[in-house]
1. Show me, for segment A:58-73, the HN-Hα J-couplings you get by feeding each phi into the Karplus relation (A = 6.51, B = -1.76, C = 1.60, θ = phi - 60°), rounded to Hz, glycine and proline as x.
2. Under 5 Å between amide hydrogens, which residues at least 5 positions from A:Asp40 or on another chain qualify, with H placed 1.01 Å from N in the peptide plane?
3. If you build the convex hull over the alpha carbons only and average its shadow over all orientations, what do you get for segment A:76-140? Give it in nm² to one decimal.
4. Can you compute 3J(HN,Hα) from phi for each residue in segment A:155-160, using the Karplus curve 6.51 cos²θ - 1.76 cosθ + 1.60 with θ = phi - 60°, rounded to whole Hz and x for Gly and Pro?
5. What is the spin-label model distance, in nm, from A:Arg219 to B:Ala63 if the labels are put 7 Å beyond Cα along the C-beta direction?
6. Relative to the other copies, what are the label-point distances for B:Arg270, with labels 7 Å from Cα along the C-beta vector, expressed in nm at one decimal and sorted shortest first?
7. As a test, work out the antiparallel percent of DSSP beta bridges whose residues both lie in segment A:9-235, rounded to the nearest 5.
8. Where does the charge balance sit around B:Pro4 when Lys and Arg score +1, Asp and Glu -1, over other residues with C-beta under 15 Å from its C-beta?
Protein chains: 2
Amino acid sequence: MSEPPAGISVLPVEGLPEFTPGDDLAAAIADAAPWLADGDVVVVTSKAVSKVEGRLVHVPPGADREAMRLQAVEQEAVRVVARRGPLAIVETRQGWVVAAAGIDASNIGQDALVLLPEDADASARSLRARLGELLGVDVAVVVSDTFGRTWREGLTDVAVGAAGIPALTDHRGAVDAWGNRLETTRVAVVDELASAADLVKGKLSGVPVAVVRGLPVDRPEPDTGTRALVRRAADDLFPYGARDLVGARRPGTGLAARAGEREAVAQAFRVASSALPEFPVVLRHGGAGDGVVDVHLGDVPSLTTALNLGALLGAAIVQLHAEGWTTRWEPVGTPGGSSLVGRLWLGTPAS
Amino acid sequence: MSEPPAGISVLPVEGLPEFTPGDDLAAAIADAAPWLADGDVVVVTSKAVSKVEGRLVHVPPGADREAMRLQAVEQEAVRVVARRGPLAIVETRQGWVVAAAGIDASNIGQDALVLLPEDADASARSLRARLGELLGVDVAVVVSDTFGRTWREGLTDVAVGAAGIPALTDHRGAVDAWGNRLETTRVAVVDELASAADLVKGKLSGVPVAVVRGLPVDRPEPDTGTRALVRRAADDLFPYGARDLVGARRPGTGLAARAGEREAVAQAFRVASSALPEFPVVLRHGGAGDGVVDVHLGDVPSLTTALNLGALLGAAIVQLHAEGWTTRWEPVGTPGGSSLVGRLWLGTPAS
């Protein structure tokens, strides 16, 4: 039985301490992995980076940790993409679309929540430079986080920061052995590295760093980290969930007292959305007071959006009627200037 | 400088031949990798599997290869999820949501197109059994393909078939070191394996097989392959693109020559109009053919008109559904430029 050819190795960095704000992550890695060598890719879990950088929300004794978590998600999000029950898929300030803004309540004490690093590319560059100083090695660094995916169950690790390695390996314009031009083959190599590293890091084993050795890496110039992975809005075919109401929860809209109406409207829209999947639209609704639900068109009103919203509105009203509610639609302002389209008043269910 | 701890290795299988229908893939791998050992995970590019299984579309000399590719996408798709220009993201018969139904025109001669394997889990099971016979080893097998993702640029390899390994590593119910219960941590380990393998396989190097060594793998019982990765429709927040209205193209729905459709649509709009008097709109509709009704916005398209029309359209569709019709809405042209908004297709009433 012959020996296998040389491939790549994925090596755990064991014996790292628990990290707290202000710790020297690079020094800890250098201590635990003095065997680091030129060309290695050091993959660091974002949680370790966030801990040393103090990207934590402190949860005081007696505070509602879950409520604080939801509040932190709102603060980290620039946009809600989809919502279902307690799950919110949002776009973060860094441009990542991820459940709960990447905020995790696991692998941290009960007195804190961990946010994503503010700028994980900068974190990666800093870590790379410090490892170079400490060990005299030229390594690449990937900062990884665990994301879900559309259409596929299960989570995988992807890159949220990188330094010393191109995020995408660009095969566009290359020609395969048969003369076919590879038009769209750009491999997200830093995401594949994050996934490979996760195989040895695991989720419970307390190994936040792994090293990939043996992969030829070109040094990028300029070093733009993971920015190339962020899809431009114009290229995004899935900017919003198609069936789900994205409820903008605005504090102080006085929704508390008469929860029944809003829930009835939300449910009617959910039924309408699932019955009319061809009319995807994000509906943000919030109560303007008792028995009335504001219906917003969103920030980019267009004829198509208006048509789609109308289709769901009409179907929802039919559904409300079927459940015994009376309704009245009141246009508010002129669409085009304002994003506010109208109000849906609900009457007492017919008895 | 101490040595690194043992990790995992990702080893290329070099020297494999070009595969053609009927080739013995297992024998070729056994020849090229006699060093395979118990516990190894053999990751095989789906293209190699499809080639030996004859999952090819033959392109005759002089035929329009691109037209044949688009036709093959339609045939492999059960549902169009989103479309933009020549790009179609579809759900395949196997439940995968992927651009162009996973059909690739690269790494194959100009006289053929490669489809995804019909049942890559079965392919993986067969390959695993044959490798066991040939080499006396107990390996796992993953069949990989290259997929795009929502919200992130770049492609990564994921699993479309597996045998001898659980698709998901389930950490639900486990408790981390801080006492936090990990509610949703199910890692798609076969996808991470596919990504790790791609790091050594590359896209142009002609290495369709790699082996991951050193990962502890539990043998699943029963061995359900990759089925657990397919997200159920009820859990899918992104069943359709949000900006593009997409109709499911169901072949053989027999839309021709039924006189009742237009009258049914007209009646549904009459019912909708009387139920929703707040949405006054003059609806002009005329048949573009049997089983299809053109819906016009009128001569003064505005956001308000579009909303009103949409409300009637949605209510009318609900009415049609209540009467047993199936419907499909297809946008025609771009509102703003044209007053023509779309077509409403009617399917056979459910019986």
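1. With coefficients 6.51, -1.76 and 1.60, one gets 7, 10, x, x, x, 6, 7, 5, 5, 5, 5, 5, 4, 5, 5, 4 Hz.
2. For A:Asp40, the qualifying residues are A:Ala140.
3. Values: hull surface 24.1 nm².
Its Cα hull, projected and averaged over all orientations, spans 6.0 nm².
4. Whole-Hz 3J(HN,Hα) from phi for segment A:155-160: 9, 9, 7, 10, 8, 10.
5. 5.1 nm
6. 3.6
7. On the way: 31 of 36 bridges.
That works out to approximately 85 percent antiparallel.
8. Values: positive: A:Lys201, A:Arg213; negative: A:Glu14, A:Asp31, A:Asp38, A:Asp40, B:Glu3.
Here the charged neighbours net out to -3.
No lab work stands behind these numbers, since they all come straight from the coordinates. Just so it is clear, the model here is predicted, and its values are computed rather than measured. Cβ coordinates were reconstructed from backbone atoms using ideal geometry, including for glycine residues, and neighbour counts include every protein chain displayed.
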